[in-house]
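Structure record follows, encoded as structure tokens.
The values are calculated or read from the model by the stated rules, or taken from the named source; none is laboratory data. Given the structure is predicted, the values throughout are model-derived calculations rather than measurements. Here the Cβ is made from the backbone with ideal geometry for all residues, glycine too, and neighbour counts use every protein chain on show.
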Amino acid sequence: MFSILHTLAAFVADLVKSRSRLEAENLLLRHQLNVVLRKAPARLRLRGCDRAILVWLVRLWPNLLDAVQVVKPETVLHWHRAGSRAFWRWKSKNRAGRPKINRDLRDLIQRMSRENPLWGAPRIHGELLMLGIEVAQSTVSKYMIRGCKPPSQSWKTFLRNHAEAIAAIDMCVVPTVTFDRLFAFLVLGHGRRQLLWFEVTRHPTAEWLARQITEAFPWTSAPTYLIRDNDKAYGHVFTARVQAMGIRDKPITPKSPWQNGLAERLIGTLRRECLDHIIVFGEAHVRQILFAYAAYYNQARTHLALHKDVPVKRAIQRFGRIIGMPVLAGLHHQYVRI
């Protein structure tokens, strides 16, 4: 800054000097500059103010460009063009173009495009309008995430979309106090993990199993697919009854219980939470136990697969005093507000 003021003061002083004095002074300054440049480094380091003075003088008197000796004339012109670009960039900063959207809206657009790979910019733009967010569709197209290949649904999504049409059956062996074996027949709906039907018998014949399927799915409530194992008890009478009801029978591969994993999980839960803690006296007793546990399982017990919900929708209670209602004589408890 001091050098700029000194230069301006010298310029004003030169205005009152005679022409001969100026020519002699100019010749003396050129000789001194040549003497200094003999020992100067190959490339001089100029400050920003020095560059500004050179550019300003050359802009006022273009003929002075030939008198520049510290740098090349092309360098001064380059400085002038760079200064012009910087000036217009500063002048037009944040004054033109489309205004930027905030970070939260950009994250929301990217979240919608990530969670809904089948949606395009018009669909996301419509959802934003329904949420009261005014934004251009071109802006949505700019910030949405695009996949490198056509979107594909996950296996979890595929199975959940078909879960309501699938049911699974299995039998659980229950030993009695006299070491007899009872067979509990269970029917599970995949959609809400609901225990749809159960019954107990000593001899599970094909006719008895066919009758249980009819009672489990009356009228038009039959599922599209029925998953079961390859137990020999499911004979010709059972398969014929299933086909007559319009159900597609899907037995699993031999020695592959994981293919009927939900029913196997239900039996494991039933054993761990109920049957392993009770001594069964007979058919009536086990039927009574299963009736109480089925009501608790469907209406009160939360499930991880349902995001901590229950198979039969359970209303959230926010007010009132909390009490515990015993289930199976206190083996479990259901908590409600009154």
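Output the residue which, of all residues in the range 197-227 that are among the aromatic types (F, W, Y) and within 45 Å of the chain's Cα centre (by Cα), is farthest from H285 (Cα to Cα).
Restricting to residues being among the aromatic types (F, W, Y) and within 45 Å of the chain's Cα centre (by Cα), the top hit is Y225.
Please find, among L186, L209, the residue that is part of a strand (DSSP E or B) and not hydroxyl-bearing (S, T, Y).
L186 is the lone residue from the list that is part of a strand (DSSP E or B) and not hydroxyl-bearing (S, T, Y).
Conditions (1) in contact with a Phe, Trp or Tyr (Cβ under 8 Å, 6 or more places away or on another chain); (2) modelled with pLDDT under 95; (3) in a helix (DSSP H, G or I); (4) farther than 26 Å from R314 by Cα, marked per residue:
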residue	(1), (2), (3), (4)
K142	no, yes, yes, yes
V173	yes, no, no, yes
G191	no, yes, no, no
E199	yes, no, no, no
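Name every residue in the range 208-245 that is more than 18 Å from A168 (Cβ to Cβ) and among the hydroxyl-bearing types (S, T, Y), in order of residue number.
Listed by number, the list holds a single entry, T220.
Okay, residues lined up against (1) touching a strand residue (DSSP E or B) at 6+ places or on another chain (Cβ under 7 Å); (2) closer than 30 Å to S113 by Cβ; (3) buried (at least 19 other Cβ atoms within 10 Å of the Cβ):
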position: R160; (1), (2), (3): no, yes, no
position: C172; (1), (2), (3): yes, no, yes
position: F179; (1), (2), (3): no, no, no
position: L182; (1), (2), (3): yes, no, yes
position: F185; (1), (2), (3): yes, no, yes
position: E199; (1), (2), (3): yes, no, yes
position: H203; (1), (2), (3): no, no, no
position: E207; (1), (2), (3): no, no, no
position: Q212; (1), (2), (3): yes, no, yes
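Does G261 count as farther than 21 Å from D180 by Cα, without any contact (Cβ under 8 Å) to a residue 12 or more places away in the chain and not hydrophobic (A, V, I, L, M, F, W, C)?
yes
Do you know which residues across the range 218-235 are closer than 23 Å to S256 by Cβ and either touching a Gly at 6+ places or on another chain (Cβ under 6 Å) or in contact (Cβ under 8 Å) with a residue 24 or more places away in the chain (or both)?
Across the range 218-235, the qualifying residues are P223, T224, Y225, L226, I227, R228, D229, N230, D231, A233, Y234, G235.
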